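Visitor: Please find one structure pasted underneath; my questions will follow.
The values are calculated or read from the model by the stated rules, or taken from the named source; none is laboratory data. The structure presented is a predicted model; accordingly, all values stated were derived computationally and were not measured. FYI the Cβ positions are ideal-geometry reconstructions off the backbone, even for glycines, and counts take in every protein chain you see.
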Amino acid sequence: MNEETKLINLDFVNAYLLKANQGYILIDTGLSMHWSRLEAELTAAGCLPNHLNLVIITHGDIDHAGNCAELQKKYHARIAIHAGDVEMVRTGIPLKRKTKSLRGKLFRLLRKIGRSAMPTLPTFEPDIVLKDGQELSEYGLSAQVLHTPGHTKGSIAIVTNDGRLFCGDTIQNRTKPDITPYIENEQELHRSISELKKIKAHTIYPGHGRSLGPDELACVH
């Protein structure tokens, strides 16, 4: 793991803490049930409330945006998300998607069976609406936002000038590099993956699973 990038493992989902000048930027936040672990990891890294420059959400799913409301309340953090997923986090209503993988279908069935036990998204109002190509230098990070719809309408990746790529759920790497099993728009998803492959990144950090290299990303289709 790059010394400028701290992986925060929140069970099955990854959050990433990036050094940004004198502070930090957090990418994704885990489920609300992960709050204690997330806060402990932030504290251990020296990321106190006045050191968190920005929280970026790669998309509006509950396992990525679950602690945003708490970060706004306790850390007075500014939450940034693409316009395409703002409605998801305002209402807490999950997006309807199709899945082709057996894992995805099984997980969807389990969610349906155990719906009453599933956590809900603590809704919140984003502070910043991101757009494609937006620079993040004003928040202390030499990086750019890339809109990568397909998994959700507002999915984004973050590309740093030093070659790190944070791709959210567009690419996963649980057992092997693969596309997301949950698809809002298949045509847009494959277009987004093609765009990710054009980036000269030395390390790709997915929302789920281990980091991967450009050769592994090139094999994803």
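Visitor: Would you pick out the residues in region 1-27 that are of a type in the set (D, E, K, R) and closer than 20 Å to S142 by Cβ? Walk me through it before giving the result.
Guide: Applying the first criterion (of a type in the set (D, E, K, R)) to region 1-27 yields 3-4, 6, 11, 19.
Across region 1-27, the qualifying residues are E3, E4, K6, K19.
Visitor: Follow-up. Out of all the residues in region 31-47, which are assigned to a loop (DSSP other than H, G, I, E, B) and either in contact with a helix residue (DSSP H, G or I) (Cβ under 8 Å, 6 or more places away or on another chain) or buried (at least 16 other Cβ atoms within 10 Å of the Cβ) (or both)?
Guide: So in region 31-47, the residues assigned to a loop (DSSP other than H, G, I, E, B) come out as 31, 45-47.
Once the filter is applied, which keeps residues that are assigned to a loop (DSSP other than H, G, I, E, B) and either in contact with a helix residue (DSSP H, G or I) (Cβ under 8 Å, 6 or more places away or on another chain) or buried (at least 16 other Cβ atoms within 10 Å of the Cβ) (or both), region 31-47 yields L31, C47.
Visitor: Considering region 5-30 alone, what residues qualify as being in contact with a Phe, Trp or Tyr (Cβ under 9 Å, 6 or more places away or on another chain) and surrounded by 21 or more Cβ atoms within 10 Å (Cβ to Cβ)?
Guide: We begin by selecting, within region 5-30, every residue in contact with a Phe, Trp or Tyr (Cβ under 9 Å, 6 or more places away or on another chain); these are 5-8, 14, 16-18, 20-21, 23, 25-29.
Selection gives I8, N14, Y16, L17, L18, A20, I25, L26, I27, D28, T29.
Visitor: Another question, if that's okay. Please specify each residue of region 81-101 satisfying the condition of being charged (D, E, K, R) and over 17 Å from P126 (Cα atoms).
Guide: Taking region 81-101 and keeping what is charged (D, E, K, R), we get 85, 87, 90, 96-98, 100.
Once the filter is applied, which keeps residues that are charged (D, E, K, R) and over 17 Å from P126 (Cα atoms), region 81-101 yields K96, R97, K98, K100.
Visitor: Of all residues being at pLDDT below 95 and of a type in the set (S, T, N, Q) in region 116-156, which is farthest from H51 (Cα to Cα)? Just the residue, please.
Guide: Only one residue tops the list, namely S116.
Visitor: Still on this structure: Would you confirm whether or not region 10-24 contains a residue that is hydrophobic (A, V, I, L, M, F, W, C) and over 24 Å from I171 (Cβ atoms)?
Guide: Let us first name the residues in region 10-24 that are hydrophobic (A, V, I, L, M, F, W, C), namely 10, 12-13, 15, 17-18, 20.
Those still in the list that are over 24 Å from I171 (Cβ atoms) too: none.
No, that holds for no residue.
Visitor: Scan region 170-221 residue by residue and report those that are more than 18 Å from H59 (Cα to Cα), part of a helix (DSSP H, G or I) and among the hydroxyl-bearing types (S, T, Y).
Guide: S194
Visitor: Quick one: in region 168-209, which of the residues that are hydroxyl-bearing (S, T, Y) and closer than 20 Å to P94 by Cα is surrounded by the fewest Cβ atoms within 10 Å (Cβ to Cβ)? Reasoning before the result, please.
Guide: So the first thing to find is which residues in region 168-209 are hydroxyl-bearing (S, T, Y), and the list is 170, 175, 180, 182, 192, 194, 203, 205.
Then drop every residue that is not closer than 20 Å to P94 by Cα, which leaves 170, 180, 182.
Details: T170: 27, T180: 27, Y182: 23.
This residue is Y182.
Visitor: Of the conditions (1) touching an Asp or Glu at 6+ places or on another chain (Cβ under 9 Å); (2) crowded, with 20+ Cβ neighbours inside 10 Å, L212 clears all except one; give me its number.
Guide: Every listed condition holds for L212 apart from (1).
Visitor: State all residues of region 55-97 that are hydrophobic (A, V, I, L, M, F, W, C), surrounded by fewer than 19 Cβ atoms within 10 Å (Cβ to Cβ) and outside any helix (DSSP H, G or I); if no residue qualifies, say none.
Guide: I93, L95 - these are the residues of region 55-97 that are hydrophobic (A, V, I, L, M, F, W, C), surrounded by fewer than 19 Cβ atoms within 10 Å (Cβ to Cβ) and outside any helix (DSSP H, G or I).
Visitor: If you go through region 115-157 one residue at a time, how many are outside any loop (DSSP other than H, G, I, E, B), crowded, with 22+ Cβ neighbours inside 10 Å and touching an Asp or Glu at 6+ places or on another chain (Cβ under 6 Å)?
Guide: Of the residues in region 115-157, 0 are outside any loop (DSSP other than H, G, I, E, B), crowded, with 22+ Cβ neighbours inside 10 Å and touching an Asp or Glu at 6+ places or on another chain (Cβ under 6 Å).
Visitor: Which residue out of N50, N14, N9 is free of Cβ contacts under 8 Å to residues at least 40 places away in the same chain, over 19 Å from V129 (Cβ atoms) and within 13 Å of the chain's Cα centre (by Cα)? Outline the logic, then answer.
Guide: On the way: N50 fails: within 13 Å of the chain's Cα centre (by Cα); N14 fails: free of Cβ contacts under 8 Å to residues at least 40 places away in the same chain.
The unique qualifying residue is N9.
Visitor: Taking only pairs six or more apart or across chains, which ones have beta-carbon atoms under 6 Å, a first residue in region 190-209 that is closer than 22 Å to L17 by Cβ and without any contact (Cβ under 8 Å) to a residue 60 or more places away in the chain, and a second residue that is assigned to a helix (DSSP H, G or I) and not hydroxyl-bearing (S, T, Y)?
Guide: From residues that are closer than 22 Å to L17 by Cβ and without any contact (Cβ under 8 Å) to a residue 60 or more places away in the chain, the pairs are I204/L217.
Visitor: Name the residues in region 122-155 that are within 18 Å of T5 (Cα to Cα) and in contact (Cβ under 8 Å) with a residue 12 or more places away in the chain, would you? Steps first, answer last, please.
Guide: Applying the first criterion (within 18 Å of T5 (Cα to Cα)) to region 122-155 yields 136-137, 139-145.
Hits for region 122-155 are L136, Y139, G140, L141, S142, A143, Q144, V145.
Visitor: Somewhere in region 179-191, is a residue modelled with pLDDT of 95 or more, under 15 Å from the mean Cα position of the chain (by Cα), closer than 21 Å to G154 by Cα and among the aromatic types (F, W, Y)?
Guide: Scanning region 179-191 turns up no residue that is modelled with pLDDT of 95 or more, under 15 Å from the mean Cα position of the chain (by Cα), closer than 21 Å to G154 by Cα and among the aromatic types (F, W, Y).
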